[in-house]
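K.L.:
Mind looking over this structure? Questions follow.
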Amino acid sequence: MKKACVWLAIISAIVLLITLGVVGVKLLDGNYDTTAEVIITGISFVIFLGSVACYKFIGSRCPHCGKVNDTLLGKSKFCPHCGKEI
Ligand SMILES: [Zn+2]
C-alpha cells in the first residue's frame, strides 16, 4: 500500500515535469496551443498531491491499532500508539 503510494507519487511527478517541459518548449516555440498539456499537468499534480497524502495518512497507518504513525512519517519499526512492530 505504502509502496504503491510512493510509486504513484514518483510517476506523477515525472509526468508533471515532462508535461511542464513540453509546455515550456511549446511556449518558447511560439505555440500557445497547450490546452491538453495543461490539463495533463493539472491531473498529474492532483494525483501527486493525492499520493503524497495517501503516503502520509493511509500508508503510515498502523496495521494493528489503525492509528496514524505520524511521528516519524512511517519510518519507525514500532507503532508509537500500541508498540507493535509495523
Ligand atoms: Zn499501533
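The values are calculated or read from the model by the stated rules, or taken from the named source; none is laboratory data. This one's a predicted model, so the numbers in the text were calculated from it and none came from an experiment. Positions of Cβ are generated from backbone atoms using ideal geometry, with glycine treated the same way; all protein chains shown enter the neighbour counts.
K.L.:
Restricting the first residue to the range 1-16 and requiring it to be among the aromatic types (F, W, Y), which pairs with a second residue that is surrounded by 17 or more Cβ atoms within 10 Å (Cβ to Cβ) meet a Cβ separation below 9 Å and a spacing of at least six or different chains?
P.N.:
Qualifying pairs under 9 Å: W7/S51.
K.L.:
Can you tell me which residue is surrounded by the most Cβ atoms within 10 Å (Cβ to Cβ) among those in the range 1-32 that are outside any helix (DSSP H, G or I) and modelled with pLDDT under 90? Step through it out loud before you land on a result.
P.N.:
Going through the range 1-32, the residues outside any helix (DSSP H, G or I) turn out to be 1, 29-32.
Checking the rest, the ones that are also modelled with pLDDT under 90 come to 1, 32.
On the way: M1: 11, Y32: 9.
So the residue we want is M1.
K.L.:
I've got another one for you. Any idea which of G42, G50 is surrounded by 14 or more Cβ atoms within 10 Å (Cβ to Cβ), modelled with pLDDT of 90 or more and under 19 Å from the mean Cα position of the chain (by Cα)? Steps first, please.
P.N.:
Working: G42 fails: surrounded by 14 or more Cβ atoms within 10 Å (Cβ to Cβ).
Answer to the check: G50.
K.L.:
Additional query: Starting from residues that are modelled with pLDDT of 80 or more and not in a loop (DSSP other than H, G, I, E, B), keep the ones in the range 53-73 and report whichever is farthest from the ligand (Cβ to nearest atom).
P.N.:
A53
K.L.:
How many residues does the range 33-42 contain that are in a helix (DSSP H, G or I) and without any contact (Cβ under 8 Å) to a residue 24 or more places away in the chain?
P.N.:
Count: 6.
K.L.:
Now for a separate question. Answer with yes or no whether S76 is within 12 Å of the ligand (Cβ to nearest atom), in contact with a Gly (Cβ under 8 Å, 6 or more places away or on another chain) and at pLDDT below 90. Working first, answer last.
P.N.:
On the way: within 12 Å of the ligand (Cβ to nearest atom): yes; in contact with a Gly (Cβ under 8 Å, 6 or more places away or on another chain): no; at pLDDT below 90: yes.
So S76 fails the test.
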